[in-house]
Amino acid sequence: MSVDGLRRLNRAVKAVEKAPVRIVHLGLGAFHRSHQAWYTQHAGDAGDWGIASFTGRRPDAAKVLAEQDGLFTLVERSDAGDSFEVIGSVVEAIDGANIERLVELVSAPQTAVITLTITEAAYAHGADDLPRLVAGEQPTTPLGRLVLGLAARREADAGPLAVVSCDNLSDNGNVARAGVAEIALGLDPGLAAWIDNNVSFVSTSVDRITPRTTADDVALVGEQCGYRDEAPVVTEPFRNWVLSGHFPLGRPRWEDAGAVFVDDIEPYENRKLWLLNGAHSILAYAGQLRGHTTVAQALGDAVCREVVEEFWDEAARHLSGGELHIPEYRAALLERFGNSRIAHHLAQIAMDGSTKLRMRALPVLRAERAAGRSGTAAARMIAVWSAYIAVNPELQDPRASGIAAANELSEGARVAALLRLLDPDLAGEPGVVELIQELTPVWATHRAGTGTAA
Ligand code: CS2
């Protein structure tokens, strides 16, 4: 970006002084910037809360953003048009491999909150770093890095803080706690005890549909705003954040921006994971098998829409508590998914299916079967995944080797092996494998315009 452009961006954000770093974030991606960065900018006390955000695997995002002083344009895109806002809450953008800076910031007494968007799959992989940490080498996983930072905080006697998971996992605070504890215990039981006494793990349900930025988005911001921003983010107008847990050293007044704090987060998590994310996964596989590219296109296909609605009917039977307003929520989802100006690519959602389906299909399938019903619509989510990976074996997945091994088997054994990857117990239950097996082939041969599927 030109110096002139940057100055104009700076003026636009009216950020004379940057907020001090009090939040450390792991996982500097588009979603972090459309969600936590937006909420922090809109908190009443935003001036007190700057975010230092670390990338995950690649340094590029940090480099581009650091050159813009952390500033970027958020484009809110609705059917009615675009609106543009410069976000200034990310005051430092850092390569995740810069462990020195991470340790420095996590051990600083003024750091009060660590937020995470590290992907669902990353919570299972922290222990991969244990041998490296024990050998005194640099950790490479987000949880390994987090534990190293917490160890430094303990050494510095910098006091308690809150870790806030913002990934699409049920009970994500406790999942983060367990992942961190496993590494810390292997490294030093004293550290594990310190974490137990000083680190609060907050669970959250996060929501804002945010596709990857494209070259067209960069060009559009240039045309509409009159400056060149190399790292804008396009998102939908809707956003939601439900949090549950304790912040021992305080937090931004995110409630000013609409965040909701609850005692029991489970009903909200399930509503989001099953209705929104579950529908996304169905559309990702069924939609691509039927020749569609985006969520809006897939939803416009009556066959895809019907399987989504059937899954919603099943899931809704097991959603209760809180203030869920399911009919309104479903109607809002149809509108959000139908926003055709947001090109949300099905290929992006399809990745890491074995982890996502555990959260999106399995709870509904188990609940339906416990109630004496077949759970056909939930089983169909697994069937469309199974049909999709049979013809797309290269799809990114944390269990890629298990999927490749399953793909070598005959169809019946293949489906059983895939289900075992998701849940060995369910795979052992009579009738489940057969049900998924029956539902799979019709999708394997399906293409748009060829009638209805089972
Ligand atoms: C999607 C989510 O990629 C996926 O798996 O289902 O990223 C979804 O867009 C967000 O959770 C929306 O809040």
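Per the conditions (1) open to solvent by 30 Å² or more (accessible area, probe 1.4 Å); (2) near the ligand (Cβ under 10 Å from one of its atoms); (3) under 20 Å from ALA122 (Cβ atoms), the sole criterion not satisfied by ARG358 is (2).
For VAL90, the criteria (1) closer than 17 Å to LEU146 by Cβ; (2) among the β-branched types (Val, Ile, Thr); (3) under 20 Å from the mean Cα position of the chain (by Cα) hold in every case but one, which is (1). For the stretch 404-427, state whether one or more residues are outside any helix (DSSP H, G or I), within 26 Å of VAL303 (Cα to Cα) and either more than 16 Å from the ligand (Cβ to nearest atom) or open to solvent by 10 Å² or more (accessible area, probe 1.4 Å) (or both). Scanning the stretch 404-427 turns up no residue that is outside any helix (DSSP H, G or I), within 26 Å of VAL303 (Cα to Cα) and either more than 16 Å from the ligand (Cβ to nearest atom) or open to solvent by 10 Å² or more (accessible area, probe 1.4 Å) (or both). Within the option set ARG336, ARG330, ARG341, being at pLDDT below 95, under 22 Å from the mean Cα position of the chain (by Cα) and open to solvent by 20 Å² or more (accessible area, probe 1.4 Å) holds for one residue only, ARG341. Can you tell me which residue within the stretch 212-252, out of those that are in contact (Cβ under 8 Å) with a residue 24 or more places away in the chain and of a type in the set (D, E, K, R), is farthest from the ligand (Cβ to nearest atom)? Checking each candidate, the answer is ARG228. Of the candidates ARG212, ARG239, the single residue that is open to solvent by 50 Å² or more (accessible area, probe 1.4 Å) and modelled with pLDDT under 95 is ARG212.
Whether a residue is of a type outside the set (S, T, N, Q) and part of a helix (DSSP H, G or I) was assessed, and VAL175 passes this test. When ILE282, ILE209 are checked against the criterion of being outside the structural domain of ASP129 (by TED's automatic domain parsing), within 14 Å of the ligand (Cβ to nearest atom) and under 21 Å from PHE31 (Cβ atoms), ILE282 stands alone in meeting it.
Does the stretch 371-382 contain at least one residue that is surrounded by 21 or more Cβ atoms within 10 Å (Cβ to Cβ), at positive phi and more than 16 Å from the ligand (Cβ to nearest atom)? Among the residues of the stretch 371-382, at least one is surrounded by 21 or more Cβ atoms within 10 Å (Cβ to Cβ), at positive phi and more than 16 Å from the ligand (Cβ to nearest atom), which makes the answer yes.
Of the numbered criteria (1) in a strand (DSSP E or B); (2) open to solvent by less than 10 Å² (accessible area, probe 1.4 Å); (3) away from the ligand (no atom under 16 Å from the Cβ), the one THR204 fails is (3). In the stretch 302-323, how many residues are part of a loop (DSSP other than H, G, I, E, B), surrounded by fewer than 18 Cβ atoms within 10 Å (Cβ to Cβ) and at pLDDT 95 or above? Of the residues in the stretch 302-323, 2 are part of a loop (DSSP other than H, G, I, E, B), surrounded by fewer than 18 Cβ atoms within 10 Å (Cβ to Cβ) and at pLDDT 95 or above. Scanning the stretch 125-153 for residues that are crowded, with 23+ Cβ neighbours inside 10 Å and either among the charged types (D, E, K, R) or not assigned by TED's automatic domain parsing to the domain that holds GLU182 (or both) gives ASP129, ARG145, ARG153. Kindly evaluate ALA347 against the criterion of being within 22 Å of the chain's Cα centre (by Cα), within 12 Å of the ligand (Cβ to nearest atom) and surrounded by fewer than 16 Cβ atoms within 10 Å (Cβ to Cβ). For ALA347, the condition - within 22 Å of the chain's Cα centre (by Cα), within 12 Å of the ligand (Cβ to nearest atom) and surrounded by fewer than 16 Cβ atoms within 10 Å (Cβ to Cβ) - is met.
Just a yes or no: is a residue in the stretch 192-199 surrounded by 18 or more Cβ atoms within 10 Å (Cβ to Cβ) and in a strand (DSSP E or B)? There is at least one residue in the stretch 192-199 that is surrounded by 18 or more Cβ atoms within 10 Å (Cβ to Cβ) and in a strand (DSSP E or B).
The values are calculated or read from the model by the stated rules, or taken from the named source; none is laboratory data. Treat the numbers as computed from the prediction; the structure is a model and nothing was measured. Using ideal geometry, Cβ is built from the backbone for each residue, glycine included, and neighbour counts are taken over all protein chains shown. Surface areas here come from the heavy atoms of the whole protein model, side chains and all, with no ligands, DNA or RNA. Shrake-Rupley method; radii C 1.70, N 1.55, O 1.52, S 1.80 Å.
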